[in-house]
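Structure first, then comments.
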């Protein structure tokens, strides 16, 4: 199967040298790309600038900067109808500066005020951009959420449309990287997590099975 995967952080420009971003490294997305390519799938990974790259030679990579640029790259990639599944693991910024200043803002100003506006939500558009049916796996991050709050946050993801399953992380659990990190799997229409995994390798195994089941 041809799979389109995204990873890493978006960068929302303030001026020509400054931007708003987040702490995502893209390591989980790169690991999933490697695992899927090793399983024999044709994998394209769109990753943020500075994100961890996959190690498998068979993964085709492309880079994005802002949320708008990621959306355009997704739209163009999906327009041909070649992909059977999309895994949207990129950490997309919720807000961007309302103005991108040309050149470099002065570093000698007494203060600099930024007005932030929402970025477009890309997940609900992914199936719209594809002329053929495809499966979509989304990711949702919370902070210190209990079970009910986690389910509610994931429920909003499903309510927006276009997602078949979701992987949940909580920021307070993410300090335990690699083998100790917790992932919860939610499916459309289910209030509780369908599965819980510890460690990126276990998540990669689940994702490979999810793709194969489609």
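Kindly put 56, 41, 143, 168 in sequence by how many other C-beta atoms sit within 10 Å of each C-beta, fewest to most. Don't jump to the answer; show the numbers that get you there.
Working: 56 15, 41 20, 143 12, 168 23.
Lowest to highest Cβ neighbour count: 143, 56, 41, 168.
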* Mind jotting down a quarter of the surface of the convex hull over the alpha carbons of segment 9-106, in square nanometres, one decimal? => 7.0 nm²
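Can you sort 135, 156 so the residue with the fewest Cβ neighbours within 10 Å comes first? It would help to have the intermediate numbers written out before the result.
Details: 135 19, 156 10.
Least to most surrounded, the residues fall as 156, 135.
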* Structure fact -> Rounded to whole angstroms and listed largest first, the alpha-carbon spread of segment 50-113 along its three principal axes comes to 51, 27, 20
* Computed Kirkwood radius, in angstrom, where 1/r is averaged over Cα pairs of segment 119-184 -> 13.0 Å
* Could you tell me which label, among (i) 1.04; (ii) 1.34; (iii) 0.97, carries the value of Cα Rg over 2.2 N^0.38 Å calculated for this structure? => (i)
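Could you list 121, 140, 127 so that the one with the fewest beta carbons within 10 Å of its beta carbon is first and the one with the most is last? Walk me through the intermediate numbers first.
Details: 121 15, 140 21, 127 18.
Lowest to highest Cβ neighbour count: 121, 127, 140.
Any read-out appearing in this document is the output of simple, stated calculations on the displayed coordinates, not a laboratory observation. Keep in mind it's a predicted model, so treat the numbers as computed, not measured. All Cβ positions, glycine included, derive from the backbone under ideal geometry; neighbour counts span all protein chains shown.
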